[in-house]
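Asker: Below you'll find the structure I mean.
The values are calculated or read from the model by the stated rules, or taken from the named source; none is laboratory data. Everything quoted here is computed from the prediction, not taken from an experiment. Here the Cβ positions follow ideal geometry from the backbone for every residue, glycine too, while neighbour counts run over all protein chains shown. We work out accessible area using only protein heavy atoms, side chains counted, and drop any ligands, DNA or RNA first. Shrake-Rupley method; radii C 1.70, N 1.55, O 1.52, S 1.80 Å.
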Amino acid sequence: MAFNFRFQSILDLRCRQRDEAGAAVGQANQAIARIDEQTEQVEAQRLELRTQNNPNRIGHVSVEGLLSVGRYEMQLQADLAQLAATRAELVRELDRRQLALIEAEAEVKRFEKLSSNERVSHQTKMNVREQADADERSTQAYILARRVPNS
């Protein structure tokens, strides 16, 4: 008699949930990486802006140009603040998803352990049954051998 785990469908469901939770963690990590890349790009723009408009340059100074650069600098600073806020939110979401993944993995392990225990129990019962059948056959053979008259 083959072993059939009675909760196999639940185990399969929990495995799918764990895999989905793992994918969600991966997506959150990718989103954080994209935000980090955007932050690096904005920082590079700020650095380039500062090096291009070095106030120590000698020569013609355009007030309108300085104001424009100042506004652009403020916009870049606002972009950085928004990216930092978005990253913080994504980190909180990543933490939540990692917790869900840990819980899903624990559920899968519980059902795998239950399956393993039931498999061992099933195998033990099958061994006992096979031994009982072998004992019964031996007993019947002994009884038949005793009934046959010695010729």
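Asker: Identify all residues within segment 97-113 that are farther than 12 Å from VAL25 by Cα and either touching a residue at least 24 places away in the same chain (Cβ under 8 Å) or open to solvent by 50 Å² or more (accessible area, probe 1.4 Å) (or both); write none if there are none. Working first, answer last.
Answerer: Residues of segment 97-113 that are farther than 12 Å from VAL25 by Cα, as a first pass: 103-113.
Result: GLU103, ALA104, GLU105, GLU107, VAL108, LYS109, ARG110, PHE111, GLU112, LYS113.
Asker: Take the residues of segment 76-96 that are open to solvent by less than 60 Å² (accessible area, probe 1.4 Å) and charged (D, E, K, R): which is modelled with the highest pLDDT?
Answerer: GLU93
Asker: For segment 50-75, what are the residues that are in contact with a Leu (Cβ under 7 Å, 6 or more places away or on another chain), open to solvent by less than 50 Å² (accessible area, probe 1.4 Å) and either at pLDDT 75 or above or not in a helix (DSSP H, G or I) (or both)?
Answerer: Matches in segment 50-75: GLU73 only.
Asker: Here's a follow-up. I need the full set of residues from segment 130-151 which are farther than 30 Å from MET1 by Cα, assigned to a helix (DSSP H, G or I) and among the aliphatic types (A, V, I, L, M), in order please.
Answerer: Selection gives ALA145 alone.
Asker: Looking at ALA31, is it more than 16 Å from GLU107 (Cβ to Cβ) and in a helix (DSSP H, G or I)?
Answerer: yes
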